[in-house]
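Visitor: Mind looking over this structure? Questions follow.
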Amino acid sequence: MGYDEALARRIHDQLDAEAGVTSRAMFGGLGFMVDGHMAVAAASSGALMVHVDPADGARWVDGETVNPMEMRGRSMAGWLLVAPEAVADDEQLDLWVGRGVAHVRTLPPK
């Protein structure tokens, strides 16, 4: 199954003016890279994968719409999975995309 194209378009629109952004298909989703680091990705489920500082991410997890990202049954430190209903409007999406971009801007360019 491919990524959620509507979500990917919305992310693209959010990041249109951001410098250093590229996108590429990966892990069944479409990842948006900022200076070589994946900041967010549109998943096939309509959820948003967000790269965050692990300390910040722990306090944003609510166990319902925001959860630690898991791959193959293993939690991925610094990654959150945000449910579709938590990014349903552009303001919500902007909040989460902004968090991902802000975090990767703290990392050295690749």
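Please treat every number below as a calculation from the coordinates, not as lab data. This one's a predicted model, so the numbers in the text were calculated from it and none came from an experiment. Neighbour counts are summed over all protein chains in view; Cβ atoms, including those assigned to glycine, are modelled from backbone coordinates with ideal geometry.
Visitor: Taking Cα pairs under 8 Å and at least six residues apart, what relative contact order does the chain come out at, in percent?
Guide: 26
Visitor: Starting from the range 58-87, pick out the trypsin sites (Lys or Arg not before Pro) whose DSSP state is loop and whose Cβ has at most 13 other Cβ atoms within 10 Å.
Guide: Taking the range 58-87 and a limit of 13 other Cβ atoms within 10 Å, the loop trypsin sites (Lys or Arg not before Pro) found are Arg72.
Visitor: Could you work out how much longer the chain between Ala55 and Ala17 gets when fully extended? Use 0.36 nm per residue separation minus the Cα distance between them, nm to one decimal.
Guide: On the way: separation 38, 0.36 × 38 = 13.68 nm, distance 2.79 nm.
Extending this stretch completely gives an extra 10.9 nm.
Visitor: Tell me, in nm to one decimal, what length is gained between Arg24 and Thr65 on full extension, where the rule is 0.36 nm per residue of separation less the Cα-Cα distance?
Guide: 12.2 nm
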